[in-house]
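Please see the structure below; I have some questions.
The values are calculated or read from the model by the stated rules, or taken from the named source; none is laboratory data. All values reported here derive from a predicted model rather than from experimental measurement. Using ideal geometry, Cβ is built from the backbone for each residue, glycine included, and neighbour counts are taken over all protein chains shown.
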Amino acid sequence: MLWNQFIGITMLLYALTNPVGAIPIFLAITRQAGSANIHRIIVLAGTAVAVFFVGAAVLGKEILGFFNVGLNDFRIAGGMLALVIALEMFQARYGKFIQLPSGVDSSEVDIHGMAITPFAFPLLVGPAEVSIIITLSNDNPGWLSKALLAAASLSATFLIGVTLWTAAAIERFLGKTGINVITRIMALIVAAIGVNFIMTGLRSELPGLAG
């Protein structure tokens, strides 16, 4: 894996998790938490995202072996999930299944529960993100490549944390329209990666397509 791939994977994971598009949802579910608790939620959610990403990056081959799933099958499935996420991002329906807390005092907010579920999983990291990380891990089997993939995962997590830390300022600056525009740009990136994964998997499974 080259350094340009490292940067590309970092931006891919950032686009997949779409923290900019998740800002309105993040502010809504943390409105009752208080400023100090919001920072704790960001740290806990970032830690959970990093664990998901790095775990999938390091143990990608073992995970596929455990479930007895072929790499190309997983690549196609991950590409399809990426397309589904891209479609939701285009339609501005990101996080539509998240239940927002209401009428809860800040002292009663479940910080750990809110940070892990629903925020880290499935709002930021879902099956598509994990599938793509596992696929990339299997495409780059060497330990150096896995180390760079893990580093890219941590870099993406850092960017996610910075985005959420400044969520209120970003929302004021971009507004709803600006957030939707950036979300759709990220959706294009995610959709392109999804198509690439699907076509690569199909060519490997059906060599006649390559001819």
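Kindly check whether there is at least one residue in the stretch 21-28 that is assigned to a loop (DSSP other than H, G, I, E, B), on the phi > 0 side of the Ramachandran plot and either surrounded by fewer than 15 Cβ atoms within 10 Å (Cβ to Cβ) or not polar (S, T, N, Q) (or both).
No: the stretch 21-28 contains no residue that is assigned to a loop (DSSP other than H, G, I, E, B), on the phi > 0 side of the Ramachandran plot and either surrounded by fewer than 15 Cβ atoms within 10 Å (Cβ to Cβ) or not polar (S, T, N, Q) (or both).
Yes/no per residue for (1) at pLDDT 90 or above; (2) surrounded by 15 or more Cβ atoms within 10 Å (Cβ to Cβ); (3) in a helix (DSSP H, G or I); (4) on the phi < 0 side of the Ramachandran plot:
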{"residue": "Leu123", "(1), (2), (3), (4)": "no, yes, yes, yes"}
{"residue": "Ser131", "(1), (2), (3), (4)": "no, yes, yes, yes"}
{"residue": "Val162", "(1), (2), (3), (4)": "yes, no, yes, yes"}
{"residue": "Ile170", "(1), (2), (3), (4)": "yes, yes, yes, yes"}
{"residue": "Ile182", "(1), (2), (3), (4)": "no, yes, yes, yes"}
{"residue": "Met186", "(1), (2), (3), (4)": "no, yes, yes, yes"}
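Among (1) surrounded by 15 or more Cβ atoms within 10 Å (Cβ to Cβ); (2) modelled with pLDDT under 85, where does Glu205 come up short?
(1)
Can you tell me how many residues within the stretch 183-194 are in contact with a helix residue (DSSP H, G or I) (Cβ under 7 Å, 6 or more places away or on another chain) and either farther than 13 Å from Phe90 by Cβ or not hydroxyl-bearing (Ser, Thr, Tyr) (or both)?
Just the residues of the stretch 183-194 that are in contact with a helix residue (DSSP H, G or I) (Cβ under 7 Å, 6 or more places away or on another chain), to begin with: 183-184, 186-187, 189-191, 193-194.
Those still in the list that are either farther than 13 Å from Phe90 by Cβ or not hydroxyl-bearing (Ser, Thr, Tyr) (or both) too: 184, 186-187, 189-191, 193-194.
Selection size over the stretch 183-194: 8.
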